1. Can you work out ³J(HN,Hα) from phi for every residue in the stretch 62-67, in order, using Karplus 6.51 cos²θ - 1.76 cosθ + 1.60 and θ = phi - 60°, giving whole Hz and x for Gly and Pro?
2. Taking only Cα atoms and a 10 Å spring cutoff, compute GNM fluctuations for the chain and point out the largest among F60, F12, F49.
3. What residues have an amide H closer than 5 Å to that of Q16, excluding those fewer than 5 places away on the same chain, when H is modeled at 1.01 Å from N in the peptide plane?
4. Under the Karplus relation 6.51 cos²θ - 1.76 cosθ + 1.60, θ = phi - 60°, what is the ordered set of whole-Hz ³J(HN,Hα) values for the stretch 22-28, x standing for Gly and Pro?
5. Suppose a student asked you for the relative contact order of the stretch 16-67, using Cα pairs under 8 Å spaced at least 6 residues apart; what percent would you report?
6. If you split all Cα-Cα distances of the stretch 2-64 into 10 Å bins from zero, what percentages do you get per bin, shortest first?
7. Need the full-extension length gain, A22 to I70, defined as separation in residues times 0.36 nm minus the C-alpha distance. One decimal, nm.
Amino acid sequence: MQPFLDAGRAAFHRRQGQLNLACSQCHDDNRGRRLRNCLVGMRAEPYDFGAPELVDLELFLMWRARGMTIEVPAVRP
C-alpha cells in the first residue's frame, strides 16, 4: 500500500497545468472539492475515470482524512 500512498502524496503536491497549481495549494485550506473538476479548473488535463493517478490521489486523501468526523448531509447520493 505504501508505494500507492507515496504516489498519491506526490500527485497532491505536484504543480501542473497552465496555472502551475498543485492540489495542496487549495485543498489544504478548502477541502471537499471534486478532483477532476479541479484539474480542469487549473487548466490541466484531467485523468480518465479510474486512472491509477486518480486512484493514488484518492487513497492519499482518504489516508489524510482518517479520524476526521463526517459532516452530513455533505455526502451526496
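Coordinate-derived values only; no laboratory data. Note that the coordinates shown come from a computational prediction; the quantities given were computed from them, not determined experimentally.
1. So the J values, rounded to whole Hz, are 5, 4, 5, 8, 4, x.
2. F49
3. L21, A22
4. 10, 3, 4, 5, 9, 7, 5
5. Working: 26 pairs, mean separation 17.0, N = 52.
Answer for the stretch 16-67 is 33 percent.
6. Calculated over all Cα pairs of the stretch 2-64, the distribution is 23, 60, 16, 0 percent.
7. Stretched out fully, the A22 to I70 stretch lengthens by 14.8 nm.
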